[in-house]
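What follows draws every value from the coordinates through simple rules; no lab data is involved. Bear in mind the structure is a predicted one, so any value in this text is a computation, not a measurement. Counting neighbours? That spans all protein chains shown, and the Cβs are built from the backbone with ideal geometry, glycine included.
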Amino acid sequence: MTPSQLRVLQRSFAKVEPRAKEFGQVFYQRLFTIAPEIRPLFRTDLKAQQDKFMKVIKEVVTLYLRSMVALPVTAQATSSAVLPGAFWSGKLHAAYGVRFEDFAIMKSALVWALEKTLAEECTDEVKEAWSSAYDIVVGAMQEGMMSPEDDDTEPENQMQTRLNVSEDTEDVSTLFKSSGEM
């Protein structure tokens with residue numbers, strides 16, 4: 001992600017954030033329209049899921065921006081260094097049944113939701129910035145998804161605890177604090 005894309009992401013997120021409820025609704029409506037088979041993966045209340053989705057987007061924008069300033073060399077080296085919690089989020093998503101190919105569908109729904117929410121302000125530059133940020137997050141998540149189940153960096157019982165807590169928590173950053181990743 002270039003510094004220019006980072007600025008575009010920040011500016012466009014500032015326009016999306018006040019419309020978070022609408023954005024979340026549009027995203028999930030589109031996602032379930034183009035991929036109804038994904039709907040069963042969302043076992044929690046959809047309103048709560050929309051709220052979590054927007055909190056995660058906010059954290060990604062904030063953490064990525066912070067890491068670019070604080071860790072410029074590391075930030076360019078690997079996606080997991082930029083988004084330390086994304087690795088474990090990938091493990092959680094794998095436990096829920098998310099497949100690699102689902103990420104492309106979600107990206108399509110994300111860009112569509114941006115187009116609907118931002119209208120004429122959703123330029124090609126905005127779509128490219130969001131796509132770049134999404135690809136970074138997904139790359140780190142997929143690293144977690146590919147990690148062996150018996151990876152001893154997090155015992156299985158802690159993974160199950162995170163899986164259970166993730167359905168009830170509002171602050172997703174708390175899911176990753178116990179492993180020292182945030």
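Observations, loosely collected:
- Packing order of peptides 86-98, 43-55, 123-135, highest average first: 86-98, 123-135, 43-55 (average count of other Cβ atoms within 10 Å over each peptide's residues).
- Cα-based reach from K107 at 16 Å (exclusive), listing lysines while leaving out same-chain residues under 8 positions away: K116, K127
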